[in-house]
Amino acid sequence: MEEKVLRPAPRYRDEDRVKLIVAYTEKSLRERLKAAGGRWDPQEKLWLVRYGSIRGTELEERILKD
């Protein structure tokens, strides 16, 4: 019998837009989000970016939990 690691299905698809929490003082993270195509939403005071652009990076930890 072969053992395989079971990984849960991804919560988001690559094309989904996710909301990220990044403080104004975190300039380097804001620049990385801009480079990844992220946009600042001034009404919600959150960053919006395609999940596929940040998957596997430390920015993934910044996703606002629903």
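The values are calculated or read from the model by the stated rules, or taken from the named source; none is laboratory data. Owing to the predicted nature of the structure, the values given are computational and were not obtained by experimental measurement. Positions of Cβ are backbone-derived with ideal geometry, glycine not excepted, and every protein chain shown enters the neighbour counts.
For D66, the test of being modelled with pLDDT of 95 or more and charged (D, E, K, R) is failed.
May I ask you to list the residues in region 48-66 that are assigned to a loop (DSSP other than H, G, I, E, B), over 8 Å from V18 (Cβ atoms) and not charged (D, E, K, R)?
Within region 48-66, G56, T57 qualify.
Considering each residue of region 22-56, count those that are among the hydroxyl-bearing types (S, T, Y) and more than 15 Å from R11 (Cα to Cα), and give that number.
At the first step, the residues of region 22-56 found to be among the hydroxyl-bearing types (S, T, Y) are 24-25, 28, 51, 53.
With the extra rule that they be more than 15 Å from R11 (Cα to Cα), the set shrinks to 24-25, 28.
Here the count works out to 3.
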